[in-house]
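Visitor: Have a look at this one.
Each reported figure results from applying straightforward, stated rules to the coordinates on display, with no laboratory input. Given the structure is predicted, the values throughout are model-derived calculations rather than measurements. Here Cβ is always computed from backbone atoms with ideal geometry, including for glycine, and neighbour counts include all displayed protein chains.
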Amino acid sequence: MGVPAARPLEIRRVGTDSVEIAWSDGHRSQYPNRDLRRACPCAGCREQPAPDRSAGSGPLYPVEIQLVGRYAVQFRWSDGHDTGIYTFQALRAACPCVSCRAGARPGKVAG
Amino acid sequence: MSASFEEVRARLASIRAPGSGENLLAAGLVHGLEVVEGRVAVRLARGHLPPPVFADLVAQVRRELGSVEGVREVAVQAEAEVGAGQAPPAVDSGAIPGVRDVVAVASAKGGVGKSTVAVNLALALAARGLRVGLLDADVYGPSLPIMMGVSGRPRAAGGKIAPLEKYGLQLMSMGFFLDDKSPVIWRGPLVMGLVRQFLRDVRWCDVDVLVIDLPPGTGDAALTLVQQVAVSGGVVVTTPQDVALLDVERGVAMFREVDTPVLGVIENMSFYECPQCGTRDEIFGSGGGARIAERFGVPLLGQIPLVPAIGQSGDAGRPLVAEEPEHPVSRAFAAIAARVVEAVQAARAPAPMVHL
């Protein structure tokens with residue numbers, strides 16, 4: 001089944017701005033909380049994108065981080081939402097860093 | 001030079017546990033320590049420390065260990081005291097309290113002897129000197145009470161359910177809670193609640209390997225289980241027929257879906273060995289397990305011969321591996337258990353450290 005997928009070695013809340021994941025492939029990804037929250041994969045958010053609470057002024061950060069089996073992670077956000085299950089695979093693919101973005105969409109100018 | 005385990009350990013022993021005269025190690029607050037090439041990972045128990053005190057302690061440990069020569073990185077993971085009646089921990093690794101490794105036994109359909117395999121595999125693992133738990137998670141048709149010859153209701157102990165014991169195994173089954181033989185009809189959400197309770201509320205005692213007999217198929221109940229628990233590896237039981245093999249594809253796919261390593265395939269009812277003349281008759285065709293193993297890149301863990309004794313012993317509540325360890329079937333299970341232990345060790349990937 002191809003190359004083994006990257007596993008997270010470490011998942012860390014960075015202040016109240018972002019979440020950082022260190023991967024087994026040596027990469028480090030930093031995800032802004034608001035982007036993560038907006039990309040919530042839960043059925044509710046996919047069906048009906050919530051009114052953009054991320055526009056609110058208060059800080060948005062995970063108050064609880066829970067691993068789901070061996071394949072995903074679940075956040076309880078400071079806005080109370082907690083139903084999104086983020087798979088490691090999807091998170092690795094969604095790494096927002098410049099080099100990953102460039103690799104993911106060849107031909108496009110990064111940044 | 002990277003710091004050695006001993007150097008790091010010695011530094012931990014120099015830190016005083018808050019509110020006691022002892023150091024962290026003596027106070028039992030250090031639940032885990034790993035030192036790999038200058039990266040240090042510590043698991044700290046909260047004990048009964050108030051959150052601000054604990055936070056200070058975490059900071060102190062980070063500082064102290066960070067100053068040990070050759071340490072590049074320090075990760076501290078907080079661990080809640082099990083059953084201390086506190087708020088649920090903010091970090092949950094999906095691990096089952098009291099259990100080190102979890103092996104889930106699956107089949108994509110019923111009738112292939114999954115429960116028989118689970119019971120005898122658990123016993124064969126125990127025969128290797130491991131402490132083994134067996135969770136019959138088949139909420140629809142629990143068979144463990146009959147197969148192991150145990151009845152009676154598990155007792156509650158300290159807000160948890162104590163497993164029953166027989167043949168040295170710690171046992172838990174929905175069957176222990178049913179009064180009669182009427183079919184069990186559960187609606188989806190009830191099944192989930194039940195499964196979750198089984199995972200969190202059983203007081204397993206120092207179990208090296210927990211064998212979970214999954215509900216048959218690849219439906220909700222089975223999927224929920226492998227999703228919610230950090231399963232070390234899955235085992236798929238099949239028979240040699242081609243049709244059964246198609247079902248195995250689904251079993252393997254289910255584990256892969258949730259990134260659970262498939263330890264291998266066990267082919268049950270592989271051949272019939274005539275007790276009189278000793279000839280082998282491959283009633284259901286041959287080599288199916290090997291084919292599927294090759295096709296999916298998972299090993300064939302072993303083949304179990306079809307003998308009347310295995311079914312009879314199960315019905316009588318006297319499983320073959322426990323009662324007749326020299327029986328060819330028992331030997332087959334012993335070999336399988338050895339491979340399972342090896343595969344679990346190979347598949348053991350540490351859970352990510354989570355810092356909040």
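Visitor: Once you place label points 7 Å from the Cα toward the Cβ at residue B:194 and residue A:89, how far apart are they in nm?
Guide: 3.0 nm
Visitor: May I ask for the net charge around residue B:15, where only other residues with Cβ less than 13 Å from the Cβ of residue B:15 are counted and Lys, Arg are +1 while Asp, Glu are -1?
Guide: Details: positive: B:9, B:11, B:16, B:62, B:63; negative: B:22, B:56, B:64.
Charge balance near residue B:15 sits at +2.
Visitor: Counting other C-beta atoms within 10 Å, which of A:88, B:333, B:296, B:177 has the fewest, and how do the rest follow?
Guide: On the way: A:88 23, B:333 29, B:296 19, B:177 12.
Going from sparsest to densest Cβ surroundings: B:177, B:296, A:88, B:333.
Visitor: Next up: When a footprinting reagent is the concern and you count Cβ atoms within 10 Å, what order do A:40, A:97, B:274 take, fewest first?
Guide: Details: A:40 20, A:97 14, B:274 9.
Ascending number of Cβ neighbours within 10 Å: B:274, A:97, A:40.
Visitor: In addition: What number does segment B:254-356 give for Rg over Rh if you use C-alpha atoms and the Kirkwood radius? Please list the in-between numbers first.
Guide: Working: Rg = 17.2 Å, Rh = 15.8 Å.
Using only Cα positions, Rg/Rh for segment B:254-356 is 1.09.
Visitor: Kindly provide the helix-only [θ] at 222 nm of chain B, computed as the sum of -39,500 (n - 2.57) over DSSP H runs of four or more divided by all residues, to the nearest 500 deg cm²/dmol?
Guide: On the way: 11 runs with 124 residues, N = 356.
-10500 deg cm²/dmol, from helical runs alone.
Visitor: Could you tell me the calculated FRET efficiency between residue B:37 and residue A:39, based on Cβ-Cβ distance and R0 = 25 angstrom, to the nearest 0.05?
Guide: Details: r = 34 Å, r/R0 = 1.36.
With R0 = 25 Å, the Cβ-Cβ based efficiency is 0.15.
Visitor: A further question follows. Separation between the residue B:279 and residue B:151 pseudo-spin-labels, each 7 Å from Cα along Cα→Cβ, expressed in nm?
Guide: Reported label-point gap for residue B:279 and residue B:151 is 4.4 nm.
Visitor: What is the calculated FRET efficiency for residue B:249 to residue B:323, with r their C-beta to C-beta distance and R₀ = 25 Å, to the nearest 0.05? Intermediate results must be reported in sequence, preceding the final value.
Guide: On the way: r = 35 Å, r/R0 = 1.39.
Computed FRET efficiency for residue B:249 and residue B:323 comes out at 0.10.
Visitor: Count, for each residue of A:60-67, the Cβ atoms from other chains sitting within 10 Å of its Cβ, then give me the mean as a whole number.
Guide: On the way: counts 0, 1, 3, 2, 7, 7, 8, 10.
Mean inter-chain Cβ contacts per residue within 10 Å come to 5.
Visitor: In whole angstrom, note down how far apart the Cα centers of segment B:104-127 and segment B:218-278 are.
Guide: So the two Cα centres are separated by 9 Å.
Visitor: For an R0 of 35 angstrom, estimate the FRET efficiency from the Cβ-Cβ distance between residue B:338 and residue B:95 and round to the nearest 0.05. Display every interim value, and only then the final one.
Guide: On the way: r = 25 Å, r/R0 = 0.71.
In this case the efficiency is close to 0.90.
Visitor: Under the definition of partner shielding as Cβ atoms of other protein chains within 10 Å of a residue Cβ, what is the mean value for peptide A:6-15? Mind showing how you got there, number by number?
Guide: Working: counts 0, 5, 4, 8, 9, 6, 6, 3, 1, 0.
What the average comes to for A:6-15 is 4.
Visitor: Where both partners of a DSSP beta bridge lie in chain B, what percent of those bridges are antiparallel, to the nearest 5? Let's see the in-between values first.
Guide: On the way: 14 of 50 bridges.
Taking every DSSP beta bridge within chain B, about 30 percent pair in antiparallel fashion.
Visitor: Next question, about the same structure. Please order A:21, B:146 by the number of other Cβ within 10 Å, starting at the fewest.
Guide: On the way: A:21 21, B:146 16.
Fewest-to-most Cβ neighbours within 10 Å comes out as B:146, A:21.
Visitor: So in the protein assembly as shown, what percent of DSSP beta bridges are antiparallel if you round to the nearest 5? Intermediate values should be presented prior to the final figure.
Guide: On the way: 34 of 75 bridges.
Around 45 percent of the beta bridges assigned by DSSP in the protein assembly as shown are antiparallel ones.
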